Amino acid sequence: SIAQAESTGKWRDGQEVYDKVCGYCHEAGVGPALKGRDLAVDYVRHMVRYGNRAMPSFRPTEIDDEMLLQVARLI
């Protein structure tokens, strides 16, 4: 899965998750732009966990809660 970290099974930080997972669509014009929209942390966390239309959901085994919180704060 694209949401699996490299050999360690852990992400370094939220920026790595954004770059390797979120940015794949959201920086390529496939998904809507995320940065600079001042999205609420809880909103981002909900969208990542449950998905929305074309956006898939990501389980805690793919993006753990701490990394998800970092991504949400980054956005």
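Among the residues of the range 5-33, the ones that are of a type in the set (A, V, I, L, M, F, W, C) and more than 10 Å from the chain's Cα centre (by Cα) come to 6 in all. Among helices (runs of 4 or more DSSP H) entirely within the chain, having at least 3 residues that are at pLDDT 95 or above and either among the β-branched types (V, I, T) or exposed (fewer than 13 other Cβ atoms within 10 Å of the Cβ) (or both) singles out 41-50, 65-74. Residues that are more than 12 Å from the chain's Cα centre (by Cα) and of a type in the set (K, R) within the range 43-57 comprise just one, R53.
The values are calculated or read from the model by the stated rules, or taken from the named source; none is laboratory data. Just so it is clear, the model here is predicted, and its values are computed rather than measured. A quick note on method: Cβ atoms are made from the backbone with ideal geometry, for glycine too, and the neighbour counts reach across all protein chains shown.
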